[in-house]
1. Given the options LEU271, LEU220, LEU232, name the one that is in a strand (DSSP E or B), surrounded by fewer than 22 Cβ atoms within 10 Å (Cβ to Cβ) and not β-branched (Val, Ile, Thr).
2. For region 290-315: of the residues being part of a loop (DSSP other than H, G, I, E, B) and of a type in the set (A, V, I, L, M), which is surrounded by the fewest Cβ atoms within 10 Å (Cβ to Cβ)?
3. Have a look at PRO43, PRO54 and point out the one that is part of a loop (DSSP other than H, G, I, E, B), open to solvent by 10 Å² or more (accessible area, probe 1.4 Å) and of a type outside the set (A, V, I, L, M, F, W, C).
4. Kindly establish whether ASN384 is exposed (fewer than 14 other Cβ atoms within 10 Å of the Cβ) and at pLDDT 95 or above.
5. Does at least one position in region 138-150 carry a residue that is under 21 Å from PHE468 (Cα atoms), aromatic (Phe, Trp, Tyr) and in contact (Cβ under 8 Å) with a residue 24 or more places away in the chain?
6. Under 6 Å between Cβ atoms, at least 6 apart or on separate chains: pull out the pairs that start in region 39-60 with a residue that is acidic (Asp, Glu) and end on any residue that is open to solvent by 20 Å² or more (accessible area, probe 1.4 Å) and not in a strand (DSSP E or B).
7. Of all residues in region 441-450, count the ones that are part of a strand (DSSP E or B) and either more than 18 Å from ILE500 (Cα to Cα) or in contact with a Gly (Cβ under 8 Å, 6 or more places away or on another chain) (or both).
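The values are calculated or read from the model by the stated rules, or taken from the named source; none is laboratory data. The shown structure was predicted, so the numbers you read here are calculated from the model rather than taken from an experiment. No Cβ is skipped: glycine too gets one built from the backbone with ideal geometry, and neighbour counts run over all protein chains shown. Surface areas here come from the heavy atoms of the whole protein model, side chains and all, with no ligands, DNA or RNA. Shrake-Rupley method; radii C 1.70, N 1.55, O 1.52, S 1.80 Å.
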Amino acid sequence: MDSWVRMLFLIACIVPALVECKVRHYKFNVVLKNTTRLCSSKPIVTVNGKFPGPTLYAREDDTVLVKVNNLVNHNVTIHWHGVRQLRTGWADGPAYITQCPILSGQSYLYNFTLTGQRGTLLWHAHVNWLRSTLHGAIVILPKRGVPYPFPKPDKELVVILGEWWKSDTEDVINEALKSGLAPNVSDAHTINGLPGIVSVANCSTQDVYKLPVESGKTYLLRIINAALNEELFFKIAGHPFTVVEVDASYVKPFKTDTLSIAPGQTTNALLTADQNSGKYTIVASTFMDSPVVAVDNLTATATLHYTGTLATTPTLLTTPPPRNATQVANNFTNSLKSLNSKKYPAKVPQKVDHSLLLTVGLGINPCPSCTAGNGSRVVAAVNNVTFVMPTTALLQAHYFNIKGVFTTDFPGNPSHVYNYTATPPAAAWQTTNGTKAYRLAFNSTVQVVLQDTGVIAPESHPVHLHGFNFFVVGSGVGNYDPKTDQNNFNLADPVERNTIGVPTGGWVAFRFRADNPVWFLHCHFEVHTTWGLKMAFLVDNGKGPNESLLPPPKDLPKC
């Protein structure tokens, strides 16, 4: 009898439309999969042999249990990007921040609850550069019986944008670290794992993803940028979008023909199949408005394919924006406003307990062994501090009061004050090294201004804050001026996100409430994170168990 009960429960979990299932069980086997792209094959690290990986489905307030079995010869962690992880920091996933890696042959059960969240997020590896292939979607449906705050679509589709290297990405970054120079850019972009029609040296392929639609129906596209190092434009010939959500937060709907999505960001958009039946080109192309930064210029293509269309029907083409189309990106970003309805209010902190100015940019440090870099290496820093990864996870050191792992003296303001977006002084080029956190009292309110610098070159930085959503209250070009720029802040309906792009040669400001302990802030360009553009917030426990970090699970990996 018990076996029948277990079987019925399993069926309910697999087919959630039949029965509300409040605990979702997933098994992620991390395995190698030999994969061919761009006329060459290589083994890639995957979950369950899939690239992109499986979509994790759940509903708001569900508890999710994911058993990760590491069956490859790499250390592995999985980060549930954008999940708040209230009191469950042990399940967040960044290596040496909230956990030690899962060693080869070992496993770990990630256990978290999707409290008050609904929408599209992503999961990905959070150690080294494994997330180039180790990633997938998280789809959080509203509670059963709760409608979307926009017209119900006929169908929903996940679209994951990424990058592809012919070489092993671990070799790519290791060679770059050895040389002291920047790593090679990717060889192609991908849409749901496929680069599309490609014609490059010694290779001509047509690995094209087909997005199927029926005439007259409306689709909710859940679009994710899982690329390592590049912001992307996304466009479909003849089909405008109605944007309804970003980073699992509802926005006031608006129409656009081009989406701008940074690594780690998600966008939900409605698309109506109201054109003549046929085939329409989908493009994903690079956005980078710093002319000196090397990027992958190869545009990924896919096809929007109406049912019943003949294979011989010509495909309607579209032209992607230029790589430096700043105005296109700004038009998209500036259109984003929180829905701010009675049911989904924008709870923007009106008063601030901590006001931080954080410079984000590059630097040059000595490296005697870096012959290719003439005895120097490129680094990255926040407030001129290049973060040094510890060998004991910060959260474990904090919880067990282990001394000597990190300090709480991260500076809330730059150590060097200068014209950040002009030619920098010599003192700004070299950074200091440290494993530093900024301490916050529980429930305190925080304003962070992220300021780009011109060290080496100004460029954009998509910055992700773990454990929190924040409200983007302002942005601008040039140096942030606290005396005048705050007067223009949007404190009524700013967009709510977990990842935000710092404009090239500019700044962005956001606010959040610190109601969650020990969290990581870093650039979501993987190369900048590797170089040290990261820091941590240490949030003290509040009053009582409901405002305190839970004890670590028994199977928490050990360093």
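1. Step by step, each of LEU271, LEU220, LEU232 is checked, and only LEU271 is in a strand (DSSP E or B), surrounded by fewer than 22 Cβ atoms within 10 Å (Cβ to Cβ) and not β-branched (Val, Ile, Thr).
2. Keep residues of region 290-315 that are part of a loop (DSSP other than H, G, I, E, B), which gives 290-299, 307-314.
Within this subset, residues satisfying the condition of being of a type in the set (A, V, I, L, M) are 292-295, 298, 310-311.
On the way: VAL292: 9, VAL293: 19, ALA294: 11, VAL295: 16, LEU298: 21, LEU310: 8, ALA311: 6.
The qualifying residue surrounded by the fewest Cβ atoms within 10 Å (Cβ to Cβ) is ALA311.
3. PRO54
4. Answer is no for this residue.
5. No, because not a single residue in region 138-150 is under 21 Å from PHE468 (Cα atoms), aromatic (Phe, Trp, Tyr) and in contact (Cβ under 8 Å) with a residue 24 or more places away in the chain.
6. Pairs found: GLU60/ARG118; GLU60/LYS143.
7. 2
Condition check ((1) more than 18 Å from HIS461 (Cα to Cα); (2) over 22 Å from the mean Cα position of the chain (by Cα)) across all residues:
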| residue | (1), (2) |
| --- | --- |
| ASN330 | no, no |
| SER338 | yes, no |
| CYS370 | yes, yes |
| TYR418 | yes, yes |
